[in-house]
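As structure tokens, the structure follows; a few thoughts come after it.
The values are calculated or read from the model by the stated rules, or taken from the named source; none is laboratory data. Computed from a predicted model, the values in this text were never measured in an experiment. Backbone-built Cβ (ideal geometry, glycine too); neighbour counts: all protein chains shown.
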């Protein structure tokens, strides 16, 4: 079965450094999501792309976070500078269609630890 | 702010028992409802989806939806130790447009 690819799986960085995560969704999936999951909490949507366009980034801390999906395929999420409170699992997901009626397929996640 | 509420647990049941997990949501316009299972340190995986009132069964899992009460539940029959995980309720299609997750209920099935 096709999978959502994410890298790196684990990242340890120091406060104020820059961090980047990469995601390659399932081929043909138009919608891509970045979620942040703090330990003991549910996933929280950071940004949603439909093809190369941002559909929702209302919860993305834009002073330090940025996301792009230039060709409507793979995507990068960047944090600069990283803060202690950014320690979390960053999950990428994709879905075939538009909106939230469809099933989300999650990648294995990128666990970030900020020291 | 649209919300999805779950009891964080832990919910502990003996092997072979029925585990009942509950979820309430605030957005009356929500149209799609999902249960994801998440093992410790892993990503969520979809186990059930439900879109209309009533029950939907898939093997040992039954999802129940009551839109009037804004309530969705998951029953796991003949619980196994391998069912021990956190179960996330997710609700979508409402006015907020995206999928909202609850904080999850941690289930522990004791042998």
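Assorted remarks:
- Residue match in region A:38-56 (condition: in contact with a strand residue (DSSP E or B) (Cβ under 9 Å, 6 or more places away or on another chain), more than 14 Å from chain B (Cβ to nearest Cβ) and either surrounded by fewer than 21 Cβ atoms within 10 Å (Cβ to Cβ) or under 20 Å from residue B:104 (Cα atoms) (or both)): yes
- Listing of strands (runs of 3 or more DSSP E) fully contained in chain A that carry 3 or more residues being under 20 Å from residue B:43 (Cβ atoms) and without any contact (Cβ under 8 Å) to a residue 24 or more places away in the chain: A:44-50
- Filter result for residue A:62 (more than 14 Å from chain B (Cβ to nearest Cβ) and modelled with pLDDT under 95): yes
- Residue within region B:20-36 that is part of a strand (DSSP E or B) and touching a helix residue (DSSP H, G or I) at 6+ places or on another chain (Cβ under 7 Å) present: no
Yes/no per residue for (1) buried (at least 22 other Cβ atoms within 10 Å of the Cβ); (2) touching a strand residue (DSSP E or B) at 6+ places or on another chain (Cβ under 7 Å); (3) outside any loop (DSSP other than H, G, I, E, B):
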{"position": "B:16", "(1), (2), (3)": "no, no, no"}
{"position": "B:56", "(1), (2), (3)": "no, yes, yes"}
{"position": "B:65", "(1), (2), (3)": "no, yes, yes"}
{"position": "B:74", "(1), (2), (3)": "yes, yes, yes"}
{"position": "B:78", "(1), (2), (3)": "no, no, no"}
{"position": "B:87", "(1), (2), (3)": "yes, yes, yes"}
{"position": "B:91", "(1), (2), (3)": "yes, yes, yes"}
{"position": "B:108", "(1), (2), (3)": "no, yes, yes"}
